Structure formats: C-alpha cells, structure tokens
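Undergrad: Can you keep this structure in mind? I'll have questions shortly.
The values are calculated or read from the model by the stated rules, or taken from the named source; none is laboratory data. These numbers come from a predicted model, not from an experiment. Ideal geometry is used to build each Cβ from the backbone, glycine not excepted, and the neighbour counts take in all protein chains shown. Heavy atoms of the whole protein, side chains included, go into the accessibility calculation; ligands, DNA and RNA do not. Shrake-Rupley method; radii C 1.70, N 1.55, O 1.52, S 1.80 Å.
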Amino acid sequence: MGDKTLLNKIQEAADYIRSKYAEAPSIGLILGSGLGVIADLVENAMVIQYDQIPHFPASTVEGHAGELLLGTIQGKHVLLMKGRFHMYEGYGVEVVSFPVRVMKELGVKTLLVTNAAGGINTSYEVGDLMLIKDHINFTFRNPLIGPNLSELGVRFPDMSEAYSRALRQTAKKVAEEQGVKLQEGVYIGLLGPTYETPAEIRMMRTLGADAVGMSTVAEVIVARHAGIEVLGFSCISNMAAGILDQPLSHEEVMETTERVKPKFLKLILGIVGQLS
C-alpha cells in the first residue's frame, strides 16, 4: 500500500462500513482461532463479509469466519472482527494490520485482541486464559516501515505500555469478581505456519516469553501508533512443543477454545461493561 493511497484506502473502507452502520463504534474486537463465539455477545448485529469491504483481504484459516460485525455489547457500540489475517497466509504486515487503521477512522478508542496460543510457561495449563502484559515481536516485520503519515501517528511510537496497564487492572478486577483464574504474561509472535520446535521453545522461555502464537503483534503496533488503547488475551490452547512430548495440531486448538468458551464470554462481557 503506497503512502498517500493508504489514506484513501482507509477512507474508502470506512465509508463503506459507515454506509451499512451509522453509529460510531468505540470498542474494537479482533477474535482469534476458535474464539469467534464472542460474536454471539453482539446485539442487533449488522454483518458485513470481508470480501464486500473495499481493500479488505479475505481470511483463509479454518476457525476464522471472515466477517465484520457491528452492534452493541452492554450498550456499547462495537466493531468485531470474526477472523483475522495472518502473514503466514501470504499477506504483508501492512495488510494484516489494515483493519485496525479502519477501526481508528471509524472512532474506535479501545481494542480487545484475542488469540489462541501455545503455553511456554510450564506453570500454565491447557485452557488457561492469559492476560497479555507485553509482547516480543519475533516476526521481524513491522507494519510501520516505510514513509510515516503524520495523520496516522508519530514516526517513532512509544511501546513501553503496548498493553494498557489501566485496562489490565480492569480485566483482573472483573476476573476476580467472576472467580476466573487469569494468568498474566508475555506473548511472543512468530510468522508460522509451522509450530515451533522444542529447541525454539526453550530459547523463547529463556527470552522471557510465556505464550507463543502467530498473530496479534502487528495489530497492536498499529493500534498504539494510532493512539488506541489495547487489551489482549491469549487462550492457552496447547502446551508448546517439547513440554508434554506430544505432537501439536490445529484440532487441539479448536477443542480447547470450545471448552473455555463459557468463562471467556462472561469475562469479555464483564470487561466491556466496565469500559467508558
């Protein structure tokens, strides 16, 4: 996406969405593998297929629906992405993060990102929910490379609080009230699509990572560049390679996310209710 044409593309995508849903969403949600069920929380939902939105790519991954929902949760206007885009699908990093730009243009101030991740921290269990306190960008790609458009954000964005401390406190409070065990840790994002080797997982643990996945990082970088506050959750859908001495599969990821569904839905509902 060339420099000035990026602004045009953002505008065209946003205008199309506005033509279908007039209210400005203040909260954006991006849902990971198997977590599309959160979309069930959206009331009076207007559904737009990604392939109808100008300049939106299409999601090609099982467990990712490929549709945008606009409606309300707890009386708040939300924009929810049911299915995200990944670099392993062949998309460039700027394409993967493009929807976040559109969210900003539409009025989103808070972004909730969710993903299914492999547990690196050996004290975690399959089915745990991890509040993301920070990330390590091991994709070695950055969506902000290239000319910086001051209309979108500053040249050198601060990432010292990529995941809002205040929002994390809110999430912990809601989890405690609901009796939901919430881990808190560092997410490391890789390109994929292969799962990591046991040697790579040992390296990542040494580097301070608690969970590993193939998404989220680019979206969060663009959100922070745009001044959007971020709250992130990983569903620990499997233990990473070499921990349990068993092969990894996407089926296991889907089964685990299905199992944690009730507590995750309740937690997200509670948190959105607390957002301004």
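Undergrad: Can you tell me which of Met159, Met87, Met130 moves the most in a GNM of the chain? Springs connect C-alpha atoms under 10 Å apart.
TA: Result: Met159 has the largest fluctuation of those listed.
Undergrad: Aspartates and glutamates within cross-link reach of Lys109: Cα-Cα under 15 Å, excluding same-chain residues under 8 positions apart?
TA: Glu23, Glu219, Glu229
Undergrad: How big is D for region 1-142, in µm² s⁻¹ as a whole number, if Stokes-Einstein is applied with the Kirkwood radius of its Cα pairs at 20 °C and 1.002 mPa s?
TA: Numbers: Rh = 16.1 Å.
So the translational diffusion coefficient is about 133 µm²/s.
Undergrad: Before I look further, what does region 76-206 give for accessible area per residue, probe 1.4 Å, in whole square angstrom?
TA: On the way: 5820 Å² over 131 residues.
Per residue, region 76-206 has an accessible area of 44 Å².
Undergrad: In the chain, carbon and sulfur make up what percent of the accessible area (probe 1.4 Å)?
TA: Numbers: 5860 of 11640 Å².
Within the chain, the accessible surface is 50 percent carbon and sulfur.
Undergrad: By its C-alpha gyration tensor, with a ≥ b ≥ c as the square roots of the eigenvalues, how is region 127-207 shaped: rounded for a/c under 1.5, else prolate for a/b larger than b/c, else oblate?
TA: Details: a/c = 2.79, a/b = 1.18, b/c = 2.37.
Verdict is oblate for region 127-207.
Undergrad: To continue, here is another question. When the solvent-accessible surface of protein heavy atoms is calculated with a 1.4 angstrom probe, in what order do Glu23, Glu105, Glu196, Glu255 fall, highest first? Walk me through the numbers before you get to the answer.
TA: Working: Glu23 100, Glu105 70, Glu196 20, Glu255 125 Å².
Listed by decreasing accessible area, they come as Glu255, Glu23, Glu105, Glu196.
Undergrad: Report for the chain the percent antiparallel among DSSP-assigned beta bridges with both residues inside it, nearest 5. Could you put the intermediate results ahead of the total?
TA: Numbers: 17 of 47 bridges.
Of those bridges, close to 35 percent are antiparallel.
Undergrad: Which whole-number value in Å³ per residue fits the convex hull of the alpha carbons of region 159-251? All intermediate terms of the calculation are to be shown ahead of the outcome.
TA: Details: hull volume 11.4 nm³, N = 93.
Convex hull volume per residue, Cα atoms: 123 Å³.
Undergrad: Please report, in debye to the nearest 20, how large the charge dipole of region 130-204 is about its Cα centre when each Lys and Arg carries +1 at its beta carbon and each Asp and Glu carries -1 there.
TA: Details: 9 positive and 9 negative charges, 18 e Å.
In total the dipole reaches around 80 debye.
Undergrad: Ok, one more. How much accessible surface area, in Å² rounded to 10, belongs to the heavy atoms of Thr72 with a 1.4 Å probe?
TA: Accessible area, nearest 10 Å²: 20 Å².
Undergrad: How much solvent-accessible surface does Ser59 expose, in Å² to the nearest 10, with a 1.4 Å probe and all protein chains in place?
TA: 30 Å²
Undergrad: Could you rank Phe85, Phe138 by how accessible they are, 1.4 Å probe, largest area first? Don't jump to the answer; show the numbers that get you there.
TA: Values: Phe85 5, Phe138 50 Å².
Greatest to least solvent exposure: Phe138, Phe85.
Undergrad: Mean residue ellipticity at 222 nm from the helices of the chain, using -39,500 (n - 2.57) per DSSP H segment of n ≥ 4 over the full residue count, to the nearest 500 deg cm²/dmol? Mind showing how you got there, number by number?
TA: On the way: 7 runs with 89 residues, N = 276.
-10000 deg cm²/dmol, from helical runs alone.
Undergrad: Just to be sure I understand: with springs between alpha-carbon atoms less than 10 Å apart, which residue in Thr170, Thr197, Thr139 has the highest mean-square fluctuation in the Gaussian network model of the chain?
TA: Its mean-square fluctuation being the largest, the pick is Thr197.
Undergrad: Oh, and also: Restricting to region 102-246, what percent of DSSP beta bridges are antiparallel, rounded to 5? If you can, show how the numbers build up before the last one.
TA: Values: 5 of 26 bridges.
Just about 20 percent of them are antiparallel.
Undergrad: What is the sum of charges, Lys and Arg at +1 and Asp and Glu at -1, for the other residues whose Cβ falls under 11 Å from the Cβ of Ala45? Each step should come with its number before you reach the end.
TA: Values: positive: Lys82; negative: Asp40, Glu43, Glu67.
Net local charge, Ala45 excluded: -2.
Undergrad: Rank these residues by their accessible area, most exposed first, probe 1.4 Å: Lys82, Lys263. List each step's numbers first, then the result.
TA: Working: Lys82 50, Lys263 70 Å².
If we order Lys82, Lys263 from most to least accessible, we get Lys263, Lys82.
Undergrad: So what's the chain giving for Cα Rg divided by 2.2 N^0.38 Å, two decimals?
TA: On the way: Rg = 17.5 Å, N = 276, 2.2 N^0.38 = 18.6 Å.
Against the empirical 2.2 N^0.38 Å value, I get 0.94 for the chain.
Undergrad: What is the dipole size for the chain, taken about its Cα centre, with +1 at each Lys and Arg Cβ and -1 at each Asp and Glu Cβ, in debye to the nearest 20?
TA: Working: 25 positive and 31 negative charges, 137 e Å.
Once rounded to the nearest 20, the dipole reads 660 debye.
Undergrad: Hey, another quick one. Quick check on region 74-214: what does the Kirkwood estimate of hydrodynamic radius come out to from the alpha carbon pairs, in Å? Spell out each step's value before the answer.
TA: On the way: mean 1/r = 0.0586 Å⁻¹.
With all distinct Cα pairs of region 74-214 included, I get 17.1 Å.
Undergrad: About the Cα centre of region 135-276, how large is the charge dipole given +1 on each Lys and Arg Cβ and -1 on each Asp and Glu Cβ? Please answer in debye to the nearest 20. The partial results should precede the final answer.
TA: Details: 14 positive and 16 negative charges, 69 e Å.
The calculated dipole for region 135-276 is roughly 340 debye.
Undergrad: Compare Ala22, Ala45, Ala209 in a GNM of the chain, Cα atoms joined below 10 Å, and give the one with the largest fluctuation.
TA: Top of the fluctuation ranking is Ala22.
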